[in-house]
Amino acid sequence: MGVHYICDAEGRKTDVIVPIDLWESLTAGKPADGPVGVAEPARYRGMYRDLDLDLEAEAKILRDEWDRV
């Protein structure tokens, strides 16, 4: 038995049925109650990494640009 998809009335995939052996191999060593997310988000600042910017202020400016339209 392989992976099976459940679709809604419009044919969009909404759920999946995964064989237990595949599920166990995918979740092995991954505790469900562990922390989720990036431990050091500053490492992933992309093009802003080397700039001396206040990221909160920059994000507000970007959001304000959308409000002006």
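The table that follows gives values for the structure above.
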{"read-out": "Packing-based exposure ordering (other Cβ within 10 Å, fewest first) of D8, D52", "value": "D52, D8"}
{"read-out": "Proxy reagent accessibility, fewest Cβ within 10 Å first, across L55, L62", "value": "L62, L55"}
{"read-out": "Residues W66, W23 arranged by fewest to most Cβ contacts within 10 Å", "value": "W66, W23"}
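Each reported figure results from applying straightforward, stated rules to the coordinates on display, with no laboratory input. In this text the structure is predicted, and so the values were computed from the model without any measurement. Reconstructed Cβ throughout: ideal geometry from the backbone, glycine too, with neighbour counts over all protein chains shown.
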